Amino acid sequence: MTLERPATHLSDQEWRERLRKEIKEAHRDWVNANRFFEYALGQDQVDYAIYAIITAEKRYEMLLRLAKRTCNHWPQWGGVM
């Protein structure tokens, strides 16, 4: 999903809600990747788990930066969780 500033078909509120949902999903993916790492067996699973953690963490951080940059008052739209 591409999350640029609202196009004409999305209101500011709709865009913020989509962003909030994306952040929540990214956080869940990051938590799940960490959980997978805890149960990884063998070098291949450990390598995959590390890659998944790094990828999920980068996505989560990117979305948080986007929210902070584009949403003037973070608490005004209800935070993330």
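Based on alpha carbons, the Rg and Dmax found for segment 23-69 are 11.8, 41 Å. Look at His9, His27 and count the other Cβ atoms within 10 Å of each Cβ; fewest to most, that gives His9, His27. Placing +1 on each Lys and Arg Cβ and -1 on each Asp and Glu Cβ, with no other charges, gives segment 23-69 a dipole about its Cα centre of roughly 440 debye.
Distance between the modelled labels on Gln45 and Ser11, one decimal in nanometres: 4.8 nm (7 Å Cα→Cβ projection).
Laboratory data are not the source of any read-out in this text; all were calculated from the coordinates shown. Just so we're clear, the structure is a prediction, and the values are computed from it rather than from any experiment. Positions of Cβ are generated from backbone atoms using ideal geometry, with glycine treated the same way; all protein chains shown enter the neighbour counts.
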